[in-house]
Each structure stands twice: as structure tokens, then as C-alpha cells.
Amino acid sequence: MEAAPIIEARNVKKVYRVGSVDIHALRGVDLAISPGEICCIVGRSGSGKSTLLNVLAGLEHVTSGEIAIAGKRLDRMTQGELIVFRQKHVGFVFQSFNLMPYYTALENVAFPLTFKGVPRMKRERAARQTLTELGLETHLKHKPAQLSGGQQQRVGIARALVGNPDIVFADEPTGNLDSATSDEVMKSICAVMRERRKTLVMVTHDRNMASYADRIISLLDGRVVDIKVNDHSRADTDTTEGMHE
């Protein structure tokens, strides 16, 4: 029996009011993403891909339509309920890393667990384990300025994963990296997500990075115009190469 989708979007619309003009960012998106799936949203600038990521993650409310994660209706939640829901179920990876410069890699990754009331020793143990999974066991005490761009992004990925979320949302996670480092980062995150059987939803403008996904969802003018299934994603081969810089 096929598992129920972990993410469902039904006729989702998002309209922004700019002065006296309505900007239709999403125009009736229908989408279902399965548990453990690696899914990539692509499209040109202004296509609505980042807006779609934000509403799927509960960072923005939809204008109309339904968003459900694990059967829970995000479009019916208050802002406070959304914050609690994201803390329990969702992790985020950012293009600009967003690491705290005076914290070590270990401290950066452990930090989100403080909001969940996790004791210090348990926080550090979980952070150490996650960083090790991403090939950074020798960089635990390094601060961001002592790390390469690819290493910093892997710290960012570890921070997103440390709370063991059901879903990780990534907005242009390789946008600040060169092509070789981008490949290394994508191999790292896909390997860990598959090992943990977690869902990854990523936005990228780079079709080369999209080739790592199980499915590629193409947006144009706020609508889904194509969904491509990758039978053999690149993440399935040579997943550990490049994890140790």
C-alpha cells in the first residue's frame, strides 16, 4: 500500500498587494510529495518557486487553497501554532548559511535544540553525531570563518537536521557555491536524507543541482507546468565523495 503524501497542496493561490496592484505569485498549485522523497522546484526568476516553498513550509499564509503536512492543515493554523509546528516537524537550509560567526560548528548546530528544552549534553551529542554524518567530525570546534563555503553549508545542513525533522526545506542551498562544491554539498545532503528517510524540498535555479532529486517540479507564472521523474538521480552514485574537504 502506497504511503500517504507527507505534503499536499490543493488549489493554492498567493496574491500580494503592491500599492494598487495585485501580484499573483501562485495561481492554483496542486502538488503531493511523498515521505522520504527528494523534490526540487525549479523555474525562472519570478516564477513563484520561492513563494511556493514558503507557503509549503508555513512561513507564509496562502491567500486561498489548502496546505497539509502529515495531515495537519497549515492554512488553518495561527502564527503561534505554525511556529510550534515548524519547531517539531521542519528544518531549513539557507543560501547564505546564516551561521553565528562567534559560535563553533558544534555550537551552531546544537543551538536550535535549546528552544526545545534539550539538556546541554544531549544537544552536543546530537550535534556531534549530525556533523559526523556530514563529514565534519574534525571541524567541530571550527568557527565559520575557519571553514570553506562548502563546509559552512554542511554545518547549515546539520543544523537543519539536528532536531530530526520530518521535512527539510532548502532555498537555493548551493547558490553561493562554485559548481564543484555545489556537487559535494548536494551529495552530502541527499545521502543523509536518504539514510534518514526524510523528505527534502529544494528550490534552485540550477538544473544541474535539480538532477539530484527524485522529482523536478517546474513552475512558470505561478503554475506547475511540468513534473519530471528522475529514475536514477545522481545522488545515488558516489554519495560519499567530497564529504571530507
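Any read-out appearing in this document is the output of simple, stated calculations on the displayed coordinates, not a laboratory observation. What you see is a predicted model; the values in this text were computed from it and never measured. Every residue, glycine as well, gets a Cβ built from its backbone with ideal geometry; the counts of neighbours run over all protein chains shown.
What does DSSP give for the chain in terms of the percent of beta bridges that are antiparallel, rounded to the nearest 5?
Values: 23 of 41 bridges.
If we restrict to bridges inside the chain, about 55 percent are antiparallel.
So how much slack lies between E195 and Q87, counting 0.36 nm per residue of separation and subtracting their Cα-Cα distance, in nm?
Taking E195 through Q87 to full extension adds about 36.7 nm, to one decimal.
Taking all Cα pairs closer than 8 Å and separated by 6 or more residues, the relative contact order of the stretch 128-210 comes to 33 percent.
Dipole magnitude for the chain: computed about the Cα centre from +1 point charges on Lys and Arg Cβ and -1 point charges on Asp and Glu Cβ, it is near 860 debye. Percent of Cα pairs in the chain per distance bin of 5 Å, from zero to the largest separation: 1, 6, 14, 18, 19, 16, 13, 8, 4, 1, 0.
Compute the Kirkwood hydrodynamic radius of the stretch 1-48, taking the inverse of the mean of 1/r over all pairs of distinct Cα atoms, and give it in Å to one decimal. Show your work: numbers first, answer last.
Details: mean 1/r = 0.0775 Å⁻¹.
Hydrodynamic radius (Kirkwood, Cα only) of the stretch 1-48 equals 12.9 Å.
Pairs of Lys residues in the stretch 47-205 are counted when their Cα atoms are under 16 angstrom apart and they lie 8 or more places apart or on different chains; the count is 4. From the Cα gyration tensor of the stretch 1-89, with a ≥ b ≥ c the square roots of its eigenvalues, which class applies: rounded if a/c is under 1.5, or else prolate if a/b is larger than b/c, or else oblate? Note, shape of the stretch 1-89 comes out oblate.
Counting other C-beta atoms within 10 Å, which of I227, I67, I216, I157 has the fewest, and how do the rest follow? Don't skip to the answer; put the middle values down first.
Details: I227 11, I67 24, I216 20, I157 28.
Ordered by Cβ neighbours within 10 Å, fewest first: I227, I216, I67, I157.
Cβ-to-Cβ counts within 10 Å put M209, M100 in ascending order as M100, M209, the fewest first. Cα centroid separation, the stretch 66-127 to the stretch 171-201: 18 Å. With a simple spin-label model that places each label point 7 Å from the Cα along the Cα-to-Cβ direction, the separation between S20 and E137 comes to 6.5 nm.
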